[in-house]
Amino acid sequence: MSEAISVLNGATFDGFVSIKEAGLRGMISVRGDFAAASFTKAVSALTGADFPAVNEAKFAGDYAILWMSPDELLILCAYENAQADADKLAADLAGEHALVANVSDARALFAMSGELLREALMKLTPANVSEDAFKPGQVRRTRLAQAAAAVWMLEDGSVEIMCFRSVGDYMFKLLCNAANPGAELGL
Amino acid sequence: MLRINCPVCGTRDETEFTYGGDATVVRPAMDETRAQLWLDYVFNRDNPRGPHTEYWHHVQGCRQWLVMERNTLTHEVGECHLAKEAC
Ligand SMILES: [Zn+2]
């Protein structure tokens, strides 16, 4: 087996907020009927996390369930376990109208932390990221400049940003530019 | 910039959406043989100055197709619902 390497191999940037390419993370795309108890139970059983409502992210240890659309979730897990977890969930959902796919290697993940991270984000996304509208445990599926992205806030107030791996370099440069020292908005 | 009230996600900016055309166009029956009706369906659109019912796709959000009222003169946005729901 070849050695897996994340898109920018852990690149970091210290601006007025800190940016880090967050390395390899397991990501499992799941689609199904949110109204079916068999579906929601299987997802929660795998992750140990509650089932998210619209625009919500639910965390439990290594796992998270992110709301993506009315019939789509993204499960985060340890990179090493992603395929086994996807296989397990697919087996649990056998016979259901559902889809499970390990998309870990198709994505890039960035971590952003710092008091002024909302200022950096609001330069890039049309989603409302003010304190009233975007809180820990929430996810926004949106765009950052020209690239599709999802942004969610962790319990500690830092955020993680996911995009397609093919635009990982572009995303890192965007985030660094938005966080450039001296480019604070001064709100 | 339009602000579109997605019935799933809440209010988002137009840049997360893509325009999907006139939502009132109805496809002729598949056994329809009159060319003019197919020509109208495929190519011919009104260009109204005022209220317009149109499709929008929340392509960089929840990826749902929406039907929205928009005034082409004032850009005022009106009622918006999921395309899969009857209006
Ligand atoms: Zn939406």
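The values are calculated or read from the model by the stated rules, or taken from the named source; none is laboratory data. Keep in mind the model is a prediction, meaning the values are calculated, not measured. Neighbour counts are summed over all protein chains in view; Cβ atoms, including those assigned to glycine, are modelled from backbone coordinates with ideal geometry. Accessible surface areas use protein heavy atoms only, side chains included; no ligands, DNA or RNA. Shrake-Rupley method; radii C 1.70, N 1.55, O 1.52, S 1.80 Å.
Among the residues of the stretch A:123-133, some residue qualifies, meaning at least one is closer than 26 Å to B:E14 by Cα, surrounded by 15 or more Cβ atoms within 10 Å (Cβ to Cβ), in contact (Cβ under 8 Å) with a residue 40 or more places away in the chain and not assigned by TED's automatic domain parsing to the domain that holds A:L46. The residue that is nearest to the other protein chains (Cβ to nearest Cβ), counting only those in the stretch A:40-62 that are out of contact with any Phe, Trp or Tyr (no Cβ under 9 Å at 6 or more places or on another chain) and open to solvent by less than 50 Å² (accessible area, probe 1.4 Å), is A:A42. List every residue pair whose Cβ atoms sit under 7 Å apart, with the two residues 6 or more apart in sequence or on different chains, where the first one lies in the stretch B:41-69 and is over 20 Å from A:V139 (Cα atoms) and away from chain A (no Cβ under 14 Å) and the second, anywhere, is acidic (D, E) and assigned to a strand (DSSP E or B). If the second residue must be acidic (D, E) and assigned to a strand (DSSP E or B), the pairs left are B:R45/B:D22; B:P51/B:E69; B:T53/B:E69; B:E54/B:D22; B:M68/B:E54; B:E69/B:E79. Here A:A150 clears all of (1) more than 14 Å from every other protein chain (Cβ to nearest Cβ); (2) in contact (Cβ under 8 Å) with a residue 24 or more places away in the chain; (3) not polar (S, T, N, Q) except the condition numbered (1). Meeting the requirement of 2 or more residues that are of a type outside the set (S, T, Y) and either in contact with a helix residue (DSSP H, G or I) (Cβ under 7 Å, 6 or more places away or on another chain) or closer than 30 Å to B:H58 by Cβ (or both), the strands (runs of 3 or more DSSP E) wholly within the stretch A:1-114 are A:18-21, A:26-31, A:57-60, A:63-69, A:72-77, A:99-102, A:107-113. Answer with yes or no whether A:M112 is within 20 Å of A:M27 (Cα to Cα), modelled with pLDDT of 95 or more, more than 14 Å from chain B (Cβ to nearest Cβ) and open to solvent by less than 30 Å² (accessible area, probe 1.4 Å). Yes; evaluated as a whole, the condition is true for this residue. Across the stretch A:24-32, a minimum of one residue is classified as in contact (Cβ under 8 Å) with a residue 24 or more places away in the chain and within 14 Å of chain B (Cβ to nearest Cβ).
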